[in-house]
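So the structure is just underneath, and the comments pick up after that.
The values are calculated or read from the model by the stated rules, or taken from the named source; none is laboratory data. Being a predicted model, the structure only gives us computed values, none of them experimental. Neighbour counts run over all protein chains shown; Cβ positions are idealised from the backbone, glycine included.
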Amino acid sequence: MNETATAPTAPLRARAEIDLAALRANVRALRAHAPGAAVMAVVKSDAYGHGAVPCARAAVEAGARWLGTATPEEALALREAGLPGRIMCWLWTPGGPWREAIEADLDVSVSGLWALRELVAAAREAGVPARVQLKADTGLGRNGCQPGEDWAELVAEALRAQSEGLLTVTGLWSHFACADEPGHPSIAAQLTLFREMLAYAEGRGVRPEVRHIANSPATLTLPESHFDLVRTGIATYGISPSPELGVPADFGLRPVMTLSASIALVKRVPGGHGVSYGHHYVTPGETTLGLVPVGYADGIPRHASGAGPVLVDGKWRTVAGRIAMDQFVVDLGGDEPPTGTRAVLFGPGGRGEPTAEDWAQAAGTIAYEIVTRIGTRVPRVYVNEEQAG
Ligand SMILES: *Cc1c(COP(=O)(O)O)cnc(C)c1O
């Protein structure tokens, strides 16, 4: 887990400020986007790098009725931290903590018979029925049960175990491949197949509490995909699922994380001075350099070498040369801000700072990866923890 710092004003080398008021507002906005459905805040991978427990708490306060994680360990950690309500996890491997999950009242997902059988054995041992959601592959081609015979078998075996009191099928669900590309033909095809696979299971007698397929982009752009529950990850953190869909403000969302570092050194150098490993940047003339003490060990993508933007003293600067493990350099163009000046790598953007999306473009990736990869060496500093009204 991440280090957490309690004093937001401590002069830290680097910090990721997490605005929990923004997160709560995002959850409320998402509830408004999907008024007929419950919201599952997806808090896998340490809440996309924002800190699982504080973010999960804030999301629940703002009305998220479900929490979702990839691994059972992540879900169990939430329960151990006292999070109430429904918690679902979907990425299981053989020998996983099925019994612990059952005893913690988690909803587990199964995509195939091996998983169902391990679950049933654990439920027998625990003497408590498991809550299980059957996952259909409607076209993503990743996890999930194939339609047709495989689905028929999975549904039949689940219903047999349910009739023996070993489990309850609480949900039927699937996941989109291209929901961030509105109009992509796979979207309609997946919805059609999902409806067919639902109808098949319900026809056999499954009575799910929830049917769900929508991730953030589907929640924001595809009301017919909302069903009973929407699973929102990236939008919870105030980031648009894709720049083609729009900026966060278009959806009433506000980025939650602000990443900054304290300038560690400012110095004057002559023209022709090579900067950082490989000398991929050479000063075009006499200038000043600022040392930003974060690097790829902190999750700053090395692919953004020579490209990543940083706000220093009101001006955008660009990473000069390579991003190293622990530090990178910006050309301050002759300015001499005092050491300790905060360099803002990204934030909501409202104060002129770059956004995680700007870093994604600089690194040739998606904003999801930018926030999720921020390393454990960067303390998360929580602001607006108390819910005001
Ligand atoms: C990560 C994930 C989500 C959330 O996706 P976003 O695009 O971040 O909203 C939803 N469902 C599943 C199965 C996931 O793995």
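Filter region 65-80 for residues that are more than 14 Å from the ligand (Cβ to nearest atom), among the aliphatic types (A, V, I, L, M) and touching a strand residue (DSSP E or B) at 6+ places or on another chain (Cβ under 6 Å) and give the result.
Across region 65-80, the qualifying residue is only 78.
Cβ-Cβ under 6 Å, sequence separation 6+ or interchain: first residue in region 227-246 and at positive phi, partner within 11 Å of the ligand (Cβ to nearest atom). Which pairs?
From region 227-246, the pairs are 227/212; 246/240.
Those residues that are within 16 Å of the ligand (Cβ to nearest atom) and acidic (Asp, Glu), I need them from region 332-368; list them, please. Spell out how you get there, then give the answer.
Taking region 332-368 as the starting set, the residues that turn out to be within 16 Å of the ligand (Cβ to nearest atom) are 356-357, 360, 365-368.
The one that is within 16 Å of the ligand (Cβ to nearest atom) and acidic (Asp, Glu): 357.
Of these, 231, 211, which one is closer than 24 Å to residue 161 by Cα and within 16 Å of the ligand (Cβ to nearest atom)? Write out each step before concluding.
Details: 231 fails: closer than 24 Å to residue 161 by Cα.
Going through 231, 211 in turn, just one is closer than 24 Å to residue 161 by Cα and within 16 Å of the ligand (Cβ to nearest atom): 211.
Tally up the residues in region 234-261 that are of a type in the set (Ser, Thr, Tyr) and away from the ligand (no atom under 13 Å from the Cβ), please. Quick ask: steps written out before the conclusion?
Our first condition is that a residue be of a type in the set (Ser, Thr, Tyr); within region 234-261, this holds for 236-237, 240, 242, 258, 260.
Filter once more, so that each one left must be away from the ligand (no atom under 13 Å from the Cβ): 258, 260.
Of the residues in region 234-261, 2 are of a type in the set (Ser, Thr, Tyr) and away from the ligand (no atom under 13 Å from the Cβ).
Of all the strands (runs of 3 or more DSSP E) wholly in region 287-358, which have at least 3 residues that are in contact with a Cys (Cβ under 6 Å, 6 or more places away or on another chain) and over 27 Å from residue 237 (Cα atoms)?
Working: elements: 287-292, 309-312, 315-320, 328-331, 342-346.
Output list is empty.
Tell me whether region 249-259 contains one or more residues that are free of Cβ contacts under 8 Å to residues at least 40 places away in the same chain and within 30 Å of residue 15 (Cα to Cα).
yes
Go through region 83-101 and report how many residues are of a type in the set (Phe, Trp, Tyr) and more than 16 Å from the ligand (Cβ to nearest atom).
Count: 1.
Of the residues 224, 153, which is in the same structural domain as residue 35 (by TED's automatic domain parsing), over 30 Å from residue 252 (Cα atoms) and in a helix (DSSP H, G or I)? Steps first, answer last, please.
Details: 224 fails: over 30 Å from residue 252 (Cα atoms).
When all the criteria are applied, what remains is 153.
Within the set of pairs 6 or more residues apart or between chains, which connect a residue that is closer than 23 Å to residue 28 by Cα inside region 54-81 to a residue that is polar (S, T, N, Q) with Cβ atoms less than 6 Å apart?
So the pair list comes out as 61/387; 75/69.
Among the listed residues 365, 339, 376, identify the single one that is among the polar types (S, T, N, Q) and under 21 Å from residue 248 (Cβ atoms).
Every option except 365 fails the conditions.
Within the set of pairs 6+ apart or on separate chains, which have a first residue in region 90-119 that is in contact (Cβ under 8 Å) with a residue 60 or more places away in the chain, a second that is hydrophobic (A, V, I, L, M, F, W, C), and C-beta atoms under 6 Å apart?
Hits for this filter: 107/88; 109/90.
Give the residue that is nearest to residue 75 (Cα to Cα), with candidates limited to residues of region 25-64 that are within 12 Å of the ligand (Cβ to nearest atom) and in a strand (DSSP E or B).
42
Answer yes if at least one residue in region 206-226 is closer than 19 Å to residue 147 by Cα and surrounded by fewer than 14 Cβ atoms within 10 Å (Cβ to Cβ), and no otherwise.
yes
For residue 217, only one of the following conditions fails: (1) closer than 25 Å to residue 143 by Cα; (2) assigned to a strand (DSSP E or B). What is its number?
Failing condition for residue 217: (2).
For region 326-364, give me each residue that is out of contact with any strand residue (DSSP E or B) (no Cβ under 9 Å at 6 or more places or on another chain) and either surrounded by 22 or more Cβ atoms within 10 Å (Cβ to Cβ) or not assigned by TED's automatic domain parsing to the domain that holds residue 270 (or both).
Selection gives 360 alone.
Table: residues versus (1) more than 26 Å from the chain's Cα centre (by Cα); (2) not in a strand (DSSP E or B).
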position: 101; (1), (2): no, yes
position: 109; (1), (2): no, no
position: 118; (1), (2): yes, yes
position: 124; (1), (2): yes, yes
position: 133; (1), (2): no, no
position: 170; (1), (2): no, no
position: 175; (1), (2): no, yes
position: 195; (1), (2): yes, yes
